[in-house]
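Undergrad: A single structure is presented below for examination.
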Amino acid sequence: MTNQALEELARAALREVPDPETGINIVDLGLVYEVKVDAQTGAVFVTITFTSPACPAGDAIAGGIERRLQREEAIKTVDLTVTFEPRWSPERISPEGRASLGMDD
Amino acid sequence: MTTAGLASRYAPSLHLVLAHFALGIVGFVVFSLALLLRALAVQGHFFQPQLLGLVHLCVLGWLLPITLGALHQLIPVVFEVKVRSERVPWLALALYAVGAASFIAQLWAFSLGSAFVASAALLVVALYAYLANLALTLLGSRVRTLTGAYVVAAFCHLALAVALGFLLALHLAWPYLAIDHLRLLRVHAHLAGFGFFGLLIMGVAYRLLEMFLIAYEKRTWPGVLALICVNVSLVSLALHHVLAPGSHGLHVAVVVGAAGIAAFVFQVQRIYRARIRRRTDLPWRHTAASFCYLVVAGVLAIALALSPLDDALQARLSLAYGFVALPGFVGSVIVGQLHKILPFLIWFHRFAPYVGLRSVPAASELLAEPPQRVQWFLMHGGIVAIALGIALAQPALRLAGALSLFSSSLVFARNMWAIYRRQP
């Protein structure tokens, strides 16, 4: 598998991890800052943030990411980093996410 | 995994928080039933045994247990520090439950002897144990925010309110105070209602509204102004009643307090307008209703302090003021926020381990909307009817409102039970 294919696989999997408050997946909510992969070792490096540093669902989201990615045979290890630099902003929400939140109503 | 402040790791055990919520939910049902049974008698001067009993049943039975439970969840997560001790609140809860039940029963029956004072003492020990544990928890935090300042101020007012309450209980049993105890009772009520509940709700609202509405309002000056105004108002009120009854202290207290409420409401509307999440849910609508009650309470306070009213109207508006402030403002926030907090806690402890393995519902999907809507209408219809029934001296309206409020408490208890029972 190529790096590109592995990255696409990882990103698709991350779309199945929801934010428990809004129900929107973390990709559409703009919480995923970066996905790097090494297809040779099957390692995936994910950098995420939360809408607030005091987000009470942080552990749940982080655990969900690891569990979902590890379901993929091609992914051997998951390295997850949570950062608040830069702070999350609503501009990161995708059009689908905006529609779910009623932002454009 | 490397993390930068996963606040959820500081949360306490689920059962500690749920035990407090359960006590408060039962308290809501019991309070609203007692109010229904005594609805026709809710009139006249506030210093009557069963009115005092109702007020303390409302506060000690319903509002305070849920608030204490929520604090044990909120403080660790917001201030990123574990609760200093989880044993202390369990012990305090046991003392509190016994003390509160005994205290309220004896107040209701106006049985004001040694047992009454012993009950009050149990409450004091329990509440100071809570406060000490939470204060030590806060001291261990490096997070310094406006919300933190509100919480500290709220704790100080609760400590003073509890101390004053105990002194008043002693006086009721064995009269010793040189000044009119009704003046101190007003100070006690406002320290607890406006100082503790008011400041706590205001301070926490800034964080919770931003989180739930996904709104970020950087300017905090209205929040700072509100904090200053509420504290100045309470100091002025206390000085007026204790040291200088004939002074303008009451006028200062009311005007400055109203300014504080106005600043808070102004900040809330800025957060609301900046929100990302356009569609508002029922828990938010409870909270929005609570802010309306806060404004009405402020208007009533101004009318009571600044307008010449005959004794009968003064008595009715005083009772209406207390009702709008406590079950109205505080009660609505508590019910609304519990509709968010409990689903989240159940989701976090039971459903979160399955995220990434299979489809899980969102926290808001753990309870269907229709029973929430029914509860909302029953509760606010009841509160408005009771408040109007008190202010306009309409017993039938009070009775109808009390029936609606009691019904809403049953639906609320049913809703919370339904959420608690949800399993993956």
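Undergrad: Might you let me know whether segment A:33-46 holds any residue that is of a type outside the set (Lys, Arg) and closer than 20 Å to B:Phe351 by Cβ?
TA: No.
Undergrad: Tally time: how many residues in segment A:79-105 are more than 8 Å from every other protein chain (Cβ to nearest Cβ) and either in contact with a Leu (Cβ under 6 Å, 6 or more places away or on another chain) or modelled with pLDDT of 95 or more (or both)?
TA: 1
Undergrad: Cβ-Cβ distance below 7 Å, separation of 6 or more or different chains: which pairs start in segment B:366-386 with a residue that is among the basic types (Lys, Arg) and end on one that is in a helix (DSSP H, G or I)?
TA: Close Cβ pairs satisfying both conditions: B:Arg373/B:Leu282.
Undergrad: Within segment B:339-381, track down each residue that is of a type in the set (Phe, Trp, Tyr) and at pLDDT below 95.
TA: B:Phe344, B:Trp347, B:Phe348, B:Phe351, B:Tyr354
Undergrad: Whether any residue in segment B:210-224 is of a type outside the set (Phe, Trp, Tyr), modelled with pLDDT under 95, in a helix (DSSP H, G or I) and over 24 Å from B:Gln73 (Cβ atoms) is what I want to check.
TA: The answer is yes; a qualifying residue exists.
Undergrad: A further question on this structure: Can you tell me which residue within segment B:351-388, out of those that are among the polar types (S, T, N, Q), over 14 Å from B:Arg422 (Cα atoms) and buried (at least 16 other Cβ atoms within 10 Å of the Cβ), is farthest from the other protein chains (Cβ to nearest Cβ)?
TA: The qualifying residue farthest from the other protein chains (Cβ to nearest Cβ) is B:Gln375.
Undergrad: Which ranges mark the strands (runs of 3 or more DSSP E) fully within segment A:24-105 that have 1 or more residues being in contact (Cβ under 8 Å) with a residue 40 or more places away in the chain?
TA: In segment A:24-105, the matching strands (runs of 3 or more DSSP E) lie at A:32-38.
Undergrad: Now, a different point. For B:Leu304, which of the numbered conditions (1) within 21 Å of B:Gly336 (Cβ to Cβ); (2) in contact with a Leu (Cβ under 7 Å, 6 or more places away or on another chain) fails to hold?
TA: That leaves (1) as the condition not met.
Undergrad: If you go through segment B:136-148, how many residues are under 17 Å from A:Ala54 (Cα atoms) and part of a helix (DSSP H, G or I)?
TA: 5
The values are calculated or read from the model by the stated rules, or taken from the named source; none is laboratory data. The structure presented is a predicted model; accordingly, all values stated were derived computationally and were not measured. FYI the Cβ positions are ideal-geometry reconstructions off the backbone, even for glycines, and counts take in every protein chain you see.
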